[in-house]
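The values are calculated or read from the model by the stated rules, or taken from the named source; none is laboratory data. Just so it is clear, the model here is predicted, and its values are computed rather than measured. Using ideal geometry, Cβ is built from the backbone for each residue, glycine included, and neighbour counts are taken over all protein chains shown. Please note that ligands, DNA and RNA were not included when accessible areas were found on the heavy atoms of the full protein model with its side chains. Shrake-Rupley method; radii C 1.70, N 1.55, O 1.52, S 1.80 Å.
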Amino acid sequence: MKGLIFVELIRMAESVMSEEQVDDILDEANLQSDAAYSTVGKYPCSELLTLVEAFGKHLDTPVENLYVRFGHWIFSTFAKSNPGFFHGRSDAFDMLEAIDCEIHVEVRKLYPDAELPRFETERSGENELIMRYRSDRPLRHFCLGMIEACVQHFGRPAEVTMSDVEGANACSADFSVRWVA
């Protein structure tokens, strides 16, 4: 995984606890990288899982909830640093449909070795978008947080639900985004 994700996770943790507490957690985690992350480096996903679990334990927060919060955090960071991706997008459906065919294309130009999840979208009428998330990494709740943050960003209320994919690994999920009247 790209180091930017790790750097942002640590920034989020430091927004709710002291730097000293975060440093103690990083030291106790006994990570292969020694938690020396650079935004352009590449690190094992297992370290992200370890850190989220450690931060969740310290904050007495379920890991799934922390992933959702982190998804919100990353989306906000992405929106601030990449406003061009939002130009011409009328709503969250437009943005979510652009992930695989536009945003990930640009990410691959910058980071050819990036291991990105796959997203397939399908409009199920005017008021619903189905988004299929396929990954080898167990980050469905992180994805849920990013989708929720995307909906909030565009300001049109929607209900977002996540469901497991029958017969698939625990890393994949289907999301339904429905406009709320």
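Overview of values
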{"quantity": "Leading residue by the ranking (surrounded by the most Cβ atoms within 10 Å (Cβ to Cβ)) among those in region 141-180 that are assigned to a strand (DSSP E or B) and touching a residue at least 24 places away in the same chain (Cβ under 8 Å)", "calculated": "VAL177"}
{"quantity": "Whichever residue in region 104-119 is touching a helix residue (DSSP H, G or I) at 6+ places or on another chain (Cβ under 7 Å) and either over 23 Å from TYR43 (Cα atoms) or at pLDDT 90 or above (or both) and, among such residues, is least open to solvent (accessible area, probe 1.4 Å)", "calculated": "PHE119"}
{"quantity": "Set VAL160, VAL151, VAL107: member being in contact with a Pro (Cβ under 9 Å, 6 or more places away or on another chain) and among the β-branched types (Val, Ile, Thr)", "calculated": "VAL151"}
{"quantity": "Among (1) over 15 Å from the mean Cα position of the chain (by Cα); (2) of a type outside the set (A, V, I, L, M); (3) within 22 Å of CYS45 (Cβ to Cβ) - the single one ASP91 does not satisfy", "calculated": "(3)"}
{"quantity": "Close pairs (9 angstrom Cβ cut-off, 6 or more residues apart or separate chains): farther than 14 Å from VAL107 by Cα in region 69-86, of a type in the set (Ser, Thr, Tyr) anywhere", "calculated": "ARG69/THR61; TRP73/SER15"}
{"quantity": "Residue that is surrounded by the most Cβ atoms within 10 Å (Cβ to Cβ), among those in region 91-103 that are under 25 Å from VAL180 (Cβ atoms) and in contact with a helix residue (DSSP H, G or I) (Cβ under 8 Å, 6 or more places away or on another chain)", "calculated": "ALA92"}
{"quantity": "Hits in region 57-82 (condition: open to solvent by 70 Å² or more (accessible area, probe 1.4 Å) and in a helix (DSSP H, G or I))", "calculated": "LYS57, HIS58, GLU64, ASN65, ARG69, TRP73, LYS80, SER81"}
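For every residue, the table says whether it meets (1) under 27 Å from VAL52 (Cβ atoms); (2) touching a strand residue (DSSP E or B) at 6+ places or on another chain (Cβ under 8 Å).
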residue: PHE93; (1), (2): no, yes
residue: ILE99; (1), (2): yes, yes
residue: ILE103; (1), (2): yes, no
residue: VAL107; (1), (2): yes, no
residue: GLU115; (1), (2): yes, no
residue: ASP136; (1), (2): yes, no
residue: CYS143; (1), (2): yes, yes
